[in-house]
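In what follows, a structure is listed as structure tokens, so that the remarks can point back to it.
The values are calculated or read from the model by the stated rules, or taken from the named source; none is laboratory data. Computed from a prediction, not measured in an experiment: that's the story for all the values here. Neighbour counts are summed over all protein chains in view; Cβ atoms, including those assigned to glycine, are modelled from backbone coordinates with ideal geometry. The protein model used for the area step is the full one, side chains on, heavy atoms only, and it has no ligands, DNA or RNA in it. Shrake-Rupley method; radii C 1.70, N 1.55, O 1.52, S 1.80 Å.
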Amino acid sequence: QVQLVQSGGGLVQAGGSLRLSCAASGHYSMGWFRQAPGKEREFVAAISWSDGTYYTDSVKGRFLISRDNAKNTMYLQMNSLKPEDTAVYYCAADRTWIYRNRATGGYGLNYWGKGTLVTVSS
């Protein structure tokens, strides 16, 4: 059973930074999704087994996804945060390439963290 343990998140003012972490019980394709109030879950970023990275357009240049393979931990460094980044952020892992599920908000992915709330005040 794959376990994903998330940490980080919280309240920050616009323009500030936060870092999310997601520890996995193995080495998988991993990514971040988010769900804002009243909206569908959406893709944020993904990192492959070979550390290739992909982002949704709205976070490019502001967010950085990375991983520490020795710790099986993925990170999302979020800079220049905006109020529209407010959402519950979920980490996901799978044995398939997560980026393929970006258009469906991660539908079909097998492993999920519990989610962490990020609130950006204006």
Relative contact order as a percentage, the chain, C-alpha pairs under 8 Å and 6+ apart, gives 36 percent
On a C-alpha basis, how far is the centre of segment 71-122 from the centre of segment 18-39 in Å? Whole number, if you could?
3 Å
Need the full-extension length gain, Arg100 to Leu11, defined as separation in residues times 0.36 nm minus the C-alpha distance. One decimal, nm.
29.0 nm
Exposure of Ser121 as accessible area (Å², to 10), given a probe of 1.4 Å and all protein chains:
40 Å²
List the chymotrypsin sites (Phe, Trp or Tyr not before Pro) within segment 15-122 that fall in a DSSP loop (any state other than H, G, I, E or B) and whose Cβ has at most 16 other Cβ atoms within 10 Å.
Trp49, Trp97, Tyr107
